[in-house]
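Nothing in this text is a laboratory measurement; each read-out follows from the coordinates by a stated rule. Remember, it's a predicted structure, so these values are computed and weren't measured experimentally. So basically every Cβ, Gly included, is an ideal-geometry build from the backbone, and we count neighbours across all protein chains shown.
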Amino acid sequence: MDNHLSSVKNSCKLLKVFLESGKELGVSELSRQLQLSKGAVHKLLMTLESEGFIKQNPANKQYSLGYTLLELGNQVLRNHNLADFAKPYLHKLADLTQEFVCLCARDQYEAIYVDKIESKYPIRFNVDAYRRFPLYATSAARSILAFRDQEFVDHVLSEEIRTFTAYSMKKPEEIKERLRRIRDNGYEVSSNMRNVGVTGIAAPIYDADGSVNASISMIGPTDRVQPFLDDFIRHVVDITQDISHQLGYRGKAN
C-alpha cells in the first residue's frame with residue numbers, strides 16, 4: 001500500500017525539476033516534465049509559492065526556486081556534522097595532491113557533493129557543491145553504492161541508466177561488476193566516464209556500524225593525475241580510513 005500523499009509527492013517532484021534545469025520554468029514546461037495537467041501544476045505552484053518554496057518572475061510569469069529552500073539548505077548544512085568533521089581531512093588531501101577534492105554523501109538513492117576544496121591549478125576540474133548524481137555515475141558515488149546491499153543496488157539500477165560520455169557504463173551488469181571490483185580493492189579509479197579527460201579516485205567512509213553513506217574523491221585532468229596515480233590512491237585511501245577510524249569504525253577496511 002502506498003502511504004505517500006500524491007500532492008506532496010508531486011510537489012517534491014516539481015521542486016526537483018529545478019535541480020536539473022538551473023533556469024526559470026513555465027507551467028507548460030513543468031506540465032510536460034511532470035506529466036501532469038497544467039491545472040494541477042498551477043495549483044502546486046500556487047501552494048509552494050505561498051510558503052516561499054517557489055517564486056514567480058512578474059516580468060515573464062516564469063517560476064524559480066524560492067528563498068525558503070535556501071534557508072532549509074543552510075539548516076541542513078549547519079546540522080551536517082560529517083561535513084564539519086571531514087573539512088580538515090579534505091584540506092589535507094587537497095594539500096597532498098593539489099587537485100580538486102570533494103566529500104560525497106548518499107541521500108536516499110542519489111549522491112550529493114556536500115563539500116569541496118578547489119584545486120590551485122589554473123587548469124582544473126570543478127563541480128558545483130550540492131550537485132546530485134545517480135549513485136552509479138561518478139567514482140565517489142560508486143564508492144558508496146558498492147557497499148550497499150544487493151536489494152538497494154538493484155533498486156538503483158532498476159531505472160534507465162543515464163550516460164554522460166561515450167565511455168559511461170550502460171548496462172546494470174556492467175555496473176555491478178564494477179562495484180564488485182571496488183569492494184575488492186577498497187577504492188575506485190575511473191577516467192572519462194563522467195567527463196572526458198578527467199580521472200577520479202574515491203574511497204568509502206565507514207560509519208561506526210560498518211555502513212557506508214559517504215566517500216571522498218580526488219578529481220583532476222587525467223594527464224596530470226596518471227603519473228602520480230599510485231601515490232594519489234594511497235592518499236585517498238589513507239584519508240578515508242583515518243576518518244572512518246575517528247568515526248568509530250573498527251572493522252577491517254580493504
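The table for this structure:
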{"quantity": "Placed amide H near residue 62: partners under 5 Å, 5+ positions off or other chain", "calculated": "57"}
{"quantity": "Amide H within-cut-off set for residue 100, under 5 Å, with H built and near neighbours excluded", "calculated": "119, 125, 219"}
{"quantity": "Proximal lysines to residue 120, defined as alpha-carbon separation beneath 16 angstrom and excluding residues fewer than eight positions away on the same chain", "calculated": "92"}
{"quantity": "Mean ellipticity per residue at 222 nm, deg cm²/dmol - from DSSP H runs of n ≥ 4 across the chain, formula -39500 (n - 2.57)", "calculated": "-14000 deg cm²/dmol"}
{"quantity": "Pairwise FRET efficiency - residue 71 versus residue 180, Cβ, R0 = 45 Å, nearest 0.05", "calculated": "0.60"}
{"quantity": "Given charges at Cβ of Lys, Arg, Asp, Glu: the chain dipole, positive-most of 195, 94, 113", "calculated": "195"}
{"quantity": "Loop sites in the range 27-79: trypsin sites (Lys or Arg not before Pro), DSSP, at most 16 other Cβ within 10 Å", "calculated": "61"}
{"quantity": "³J(HN,Hα) computed for each position of the range 131-143 - Karplus, 6.51 cos²θ - 1.76 cosθ + 1.60, integer Hz, glycine/proline x", "calculated": "6, 9, 9, x, 6, 10, 8, 10, 4, 5, 5, 5, 5"}
{"quantity": "For the range 145-157, Karplus couplings with θ = phi - 60° (6.51, -1.76, 1.60), whole Hz, Gly/Pro x", "calculated": "4, 4, 10, 8, 6, 4, 4, 5, 4, 4, 5, 4, 8"}
{"quantity": "Whole-Hz couplings from phi, Karplus 6.51/-1.76/1.60, listed for the range 191-206; x for Gly and Pro", "calculated": "10, 6, 6, 9, 9, 5, x, 10, 10, x, 10, 9, 8, x, 10, 8"}
{"quantity": "Distance (nanometres) between label positions extended 7 Å along Cα→Cβ at residue 5 and residue 238", "calculated": "5.2 nm"}
{"quantity": "Only Lys, Arg (+1) and Asp, Glu (-1) charged, at Cβ; the range 80-246 dipole about Cα centre in debye", "calculated": "420 debye"}
{"quantity": "Extension gain from residue 108 to residue 19, taking 0.36 nm per residue of separation minus the Cα-Cα distance", "calculated": "30.4 nm"}
{"quantity": "Inter-site label distance for residue 160 and residue 250 at 7 Å from Cα along Cβ, in nm", "calculated": "4.9 nm"}
{"quantity": "Candidate aspartates and glutamates - alpha carbon under 19 Å from residue 116, same-chain residues fewer than 8 apart omitted", "calculated": "84, 95, 99, 107, 128, 188, 238, 242"}
{"quantity": "Count of lysine pairs in the range 6-71 with Cα separation under 20 Å (8 or more residues apart, or interchain)", "calculated": "18"}
{"quantity": "Distant alpha-carbon pairs in the chain (separation over 33 angstrom), percent", "calculated": "27 percent"}
{"quantity": "Residue 213 long-range amide H proximity, modeled H, under 5 Å", "calculated": "205, 207"}
